[in-house]
Amino acid sequence: MKFVVLAVMLASGTAYAQRWTDATADCIGNTGNNSGWTNKVEDADVDGDGRQDLVVFRAGEWNVRGTRNLAVLQVFHFGAAGDIPLLADFDGDGKIDFAVFRAGQWLVDTHRSGNADLTFGFGTANDKPLAVDWEGKRRAALIVFRDGQWLVSLQRDGKVSAETGFGTKGDVPIAVLMSKK
């Protein structure tokens, strides 16, 4: 069974998590002060070898490093300074796609060509975007966190399909797809 876990990181460094279907939040730990956190470093299995790779986004340049031998696997340009990077499977092909969120616009490069071949409009410039396979349908839903409100566009048509309140202004949102055996 798969389910989505919502989490927020408070300025104090305390993290709280909540299953989408649950009404309560449980403290999952204190990781220290998160004031230096950014949404610039991600990890994902980019090369398809079954292991997480390290990905750094810096002003439109993506650097992908394998964890097996820490060699640089790929460097390419997509996006610009100020964009928020996202990694998820947006087209349902089972591979990680590179995306950037720019003031409510989602630009997705599924071919790693440096050009957006999928675009979506959802959210505003002040929202914090996330992308996760919300329904287990092998493609990412668009999610924005806005001052404690989670807004989800399952059809990626710019319309809110699901909404919940969890967290508050200033929190760092995290959404993770989990499997329960």
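Considering (1) at positive phi; (2) within 14 Å of the chain's Cα centre (by Cα), the lone condition that residue 148 does not fulfil carries the number (2). Counting only residues that are in a strand (DSSP E or B), open to solvent by 50 Å² or more (accessible area, probe 1.4 Å) and either within 22 Å of residue 100 (Cβ to Cβ) or out of contact with any strand residue (DSSP E or B) (no Cβ under 9 Å at 6 or more places or on another chain) (or both), region 128-152 holds 2 of them.
Considering only residues that are open to solvent by 50 Å² or more (accessible area, probe 1.4 Å) and touching a residue at least 24 places away in the same chain (Cβ under 8 Å), look in region 78-112 and name the one that is farthest from residue 160 (Cα to Cα). Ranking the candidates gives 112 first. In the condition set (1) surrounded by 12 or more Cβ atoms within 10 Å (Cβ to Cβ); (2) not in a loop (DSSP other than H, G, I, E, B); (3) not hydroxyl-bearing (Ser, Thr, Tyr), residue 75 is compliant with all but (1).
Kindly check whether there is at least one residue in region 81-95 that is under 14 Å from the mean Cα position of the chain (by Cα), over 24 Å from residue 51 (Cα atoms) and outside any strand (DSSP E or B). Scanning region 81-95, I find at least one residue that is under 14 Å from the mean Cα position of the chain (by Cα), over 24 Å from residue 51 (Cα atoms) and outside any strand (DSSP E or B), so the answer is yes.
The values are calculated or read from the model by the stated rules, or taken from the named source; none is laboratory data. Here the structure is a predicted model, which is why all the values come from computation and not from measurement. Don't worry about glycine lacking a Cβ; one is built from the backbone with ideal geometry, like all the others, and counts go over all protein chains shown. Heavy atoms of the whole protein, side chains included, go into the accessibility calculation; ligands, DNA and RNA do not. Shrake-Rupley method; radii C 1.70, N 1.55, O 1.52, S 1.80 Å.
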